């Protein structure tokens with residue numbers, strides 16, 4: 001049954017005549033009568049009957065009119081609740097995040113959440129071999145993902161992708177390495193180096209692939225490690241140099257120094273990835289806003305300190 005036709009029946013119960021209903025709803029009397037006839041056909045029982053020159057509701061009509069009142073109350077309640085959610089989002093938002101993004105974004109976002117009563121973030125950290133971020137959206141309201149550009153299958157699956165930040169990759173060098181004297185490192189400077197690489201297919205590994213294509217020689221990878229902290233320690237020990245993300249690499253007091261790479265695409269996009277329906281939830285939108293604000297703060301903070 002159409003809710004709008006039920007509302008006309010409710011109006012007839014309250015106002016007592018087709019003419020009054022037509023006036024209140026800015027319709028013609030014949031249009032109101034036609035809609036009530038359609039509703040009666042849908043109900044399968046008489047809803048009105050002649051009484052003198054007018055119409056009155058039958059028992060079934062009165063019962064359905066009362067149902068229409070209950071529906072109207074429910075709709076108003078839902079609209080009021082939705083308005084409240086838009087003004088002050090509430091509920092639980094499940095967020096999946098990979099480690100370095102979590103280090104950058106979560107502390108500040110969770111601190112800000114203290115000023116959002118009724119809104120909760122439930123976290124899951126993932127560090128899977130080549131995680132399929134699109135697949136993770138089935139189990140989480142929001143997935144923090146990294147990529148080079150926007151993968152085609154994200155669009156093909158109709159996912160909503162909100163950019164958070166672009167993070168450059170730098171070369172991590174041990175203190176005392178000759179390249180530390182340079183402010184910017186060129187691909188040609190890196191030809192003869194030993195490398196601590198990432199697992200095949202990871203973003204850092206793709207930078208080394210581009211480096212090999214640029215200089216015409218595959219980098220000499222002596223170890224492949226997924227955990228960035230271990231990579232930092234190996235670099236500090238002089239085992240090799242590495243590609244690491246700029247904003248989360250510790251380059252002060254731990255035996256390593258980082259330098260930007262010139263002439264080589266070396267960055268990643270960090271985004272909030274969601275199913276389109278979940279992206280419409282006020283609570284999810286608010287968490288995305290918190291992450292965007294924190295990402296902006298991280299990038300701005302780095303610029304303020306200055307390039308390492």
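Bear in mind these aren't lab numbers, they're just calculated from the coordinates by the rules spelled out. In this text the structure is predicted, and so the values were computed from the model without any measurement. Cβ atoms come from the backbone with ideal geometry, glycine included; neighbour counts cover every protein chain shown.
Key figures
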item	result
Scope the stretch 90-119; condition in a strand (DSSP E or B) and touching a helix residue (DSSP H, G or I) at 6+ places or on another chain (Cβ under 8 Å); matching residues	91, 92, 93, 95, 96, 97, 119
Failed item in (1) part of a helix (DSSP H, G or I); (2) buried (at least 17 other Cβ atoms within 10 Å of the Cβ); (3) within 36 Å of the chain's Cα centre (by Cα), with residue 209 passing the rest	(2)
Number of positions in the stretch 13-39 that are touching a strand residue (DSSP E or B) at 6+ places or on another chain (Cβ under 7 Å) and in a helix (DSSP H, G or I)	3
Residue match in the stretch 34-53 (condition: under 46 Å from the mean Cα position of the chain (by Cα), over 21 Å from residue 67 (Cβ atoms), without any contact (Cβ under 8 Å) to a residue 40 or more places away in the chain and exposed (fewer than 12 other Cβ atoms within 10 Å of the Cβ))	no
Total residues in the stretch 177-188, condition in contact with a strand residue (DSSP E or B) (Cβ under 9 Å, 6 or more places away or on another chain) and either farther than 15 Å from residue 266 by Cα or in a strand (DSSP E or B) (or both)	7
